[in-house]
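The structure appears right after this line, and notes come after that.
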Amino acid sequence: MVMGMTTSRAPNAFAFWALFVLAFPLTILQAVYTRLRAPRLPPVIDNAARGTIVVDGAAAAPFELLVVGESTAVGVGCAREGETIAVRLAQAISTRRACSVEWQVIGANGATLSDLEGLLPSRTRQSPSANRHALVLAGANDTVSLTPVKHWREGMIRIRNLLRHRGVTKIYFAPVPPMWQFTLLPQPLRAVIGERALMLDFARYAVAEPYPDIHVLDSDFPNNPSLLASDGYHPGPEACRIWAEQVAAQMD
């Protein structure tokens, strides 16, 4: 299900490769320098962490939320578990639906979409549940790794199939982070990486088209630099709160 675009500008593959070739020597130096000087913020949620938001007297079965993803999923950029996108989203869903929410995180700092496949091992097939939803947060690491768009699309489908195997009935793919806004990255590296991120972001729509259980979110990543974490790269606590409210509204 296509729910809208995250930006008014379509990606331009020619522009990306032209920028990449023309700026290659400088961007390589910038990438190495940035990697060396970038602050190393730790995750605040472990892989397979889980919790419950309890609403006393709620008649409906608990909403089951699985958050699968890269560094944002495990709370890099936040100081404590309660500030992370997973917990914030569980709280927002609980408030909007007046229901209890059982949440779980499956993810790792630095994970690509391929890495996430390895974190979703096959298990005994679970019966589909209308209450079981998954949010997939990915794309930043595939962007900087220059994952081919074709492989990215194929990886999304494999993630979808693994989640369906776990009984998930609704799968939400979040926007690829708008890396052209990340203050950690100097120019022209930021422009090159940003154009690549846009290419992966738009690829989500083609993947979702034939699958009614895939929902492409169009929530806007908070773009105020003050909402970024201290590393200028990850969303900070307030950005996670704003983002979670947007995602919860679209999950309705």
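So in the range 92-144, with the set limited to residues that are under 21 Å from residue 35 (Cβ atoms) and hydrophobic (A, V, I, L, M, F, W, C), which one is nearest to the chain's Cα centre (by Cα)?
Checked the range 92-144; the qualifying residue nearest to the chain's Cα centre (by Cα) is 138.
Against the definition (among the aliphatic types (A, V, I, L, M), farther than 23 Å from residue 197 by Cα and at pLDDT below 95), how does residue 89 come out, yes or no?
Spelling it out, it is not the case that residue 89 is among the aliphatic types (A, V, I, L, M), farther than 23 Å from residue 197 by Cα and at pLDDT below 95.
Please determine whether any residue of the range 164-181 is aromatic (Phe, Trp, Tyr) and more than 26 Å from residue 33 (Cα to Cα).
Step one: of the range 164-181, the residues aromatic (Phe, Trp, Tyr) are 172-173, 180.
Among the residues that remain, those that are also more than 26 Å from residue 33 (Cα to Cα) are: 172-173.
So far as the range 164-181 goes, yes, one or more of its residues are aromatic (Phe, Trp, Tyr) and more than 26 Å from residue 33 (Cα to Cα).
With the structure loaded, tell me whether residue 184 is in contact with a strand residue (DSSP E or B) (Cβ under 9 Å, 6 or more places away or on another chain) and modelled with pLDDT under 95 or whether it fails that test.
yes
I'm trying to understand the selection: among the residues of the range 21-47, which are open to solvent by less than 50 Å² (accessible area, probe 1.4 Å) and at pLDDT 90 or above? Steps first, please.
Initially, the range 21-47 is screened for residues open to solvent by less than 50 Å² (accessible area, probe 1.4 Å), giving 23, 27, 30-31, 34, 38, 41, 44-45.
Scanning the range 21-47 gives 41, 44, 45.
Given the structure, is residue 153 at pLDDT 95 or above, open to solvent by 70 Å² or more (accessible area, probe 1.4 Å) and in a helix (DSSP H, G or I)?
Here the answer is yes, as residue 153 does meet what is asked.
Considering each of 84, 143 in turn, give the residue that is farther than 23 Å from residue 237 by Cβ, touching a residue at least 40 places away in the same chain (Cβ under 8 Å) and open to solvent by less than 10 Å² (accessible area, probe 1.4 Å).
Every option except 143 fails the conditions.
Here is a list of conditions, (1) open to solvent by 40 Å² or more (accessible area, probe 1.4 Å); (2) assigned to a loop (DSSP other than H, G, I, E, B); (3) at pLDDT below 95, and residue 246 meets all of them except one; can you say which number that is?
Here residue 246 meets the rest and fails (2).
Where residues in the range 211-243 are of a type in the set (S, T, N, Q) and open to solvent by 20 Å² or more (accessible area, probe 1.4 Å), which of them is modelled with the highest pLDDT? Lay out the reasoning, then the answer.
Within the range 211-243, the first condition is being of a type in the set (S, T, N, Q), and the residues that meet it are 219, 223-224, 226, 230.
Checking which are open to solvent by 20 Å² or more (accessible area, probe 1.4 Å) leaves us with 223-224, 226, 230.
Numbers: 223: 61, 224: 74, 226: 82, 230: 89.
Here the residue is 230.
Considering only the range 187-210, I want to know if a residue exists there that is touching a strand residue (DSSP E or B) at 6+ places or on another chain (Cβ under 9 Å), open to solvent by less than 50 Å² (accessible area, probe 1.4 Å), part of a loop (DSSP other than H, G, I, E, B) and of a type outside the set (Gly, Ala, Ser).
Within the range 187-210 (the criterion being touching a strand residue (DSSP E or B) at 6+ places or on another chain (Cβ under 9 Å), open to solvent by less than 50 Å² (accessible area, probe 1.4 Å), part of a loop (DSSP other than H, G, I, E, B) and of a type outside the set (Gly, Ala, Ser)), the answer is no, since none of the residues qualifies.
Of everything in the range 45-59, what is touching a residue at least 40 places away in the same chain (Cβ under 8 Å), out of contact with any Asp or Glu (no Cβ under 6 Å at 6 or more places or on another chain) and farther than 25 Å from residue 228 by Cβ? Give them in sequence order.
Matches in the range 45-59: 48, 50, 51, 53, 54, 55, 58.
The values are calculated or read from the model by the stated rules, or taken from the named source; none is laboratory data. Values in this document were obtained by computation on a predicted structure and should not be read as measured data. Here Cβ is always computed from backbone atoms with ideal geometry, including for glycine, and neighbour counts include all displayed protein chains. These area figures cover heavy atoms from the full protein model, side chains too; ligands, DNA and RNA do not enter into them. Shrake-Rupley method; radii C 1.70, N 1.55, O 1.52, S 1.80 Å.
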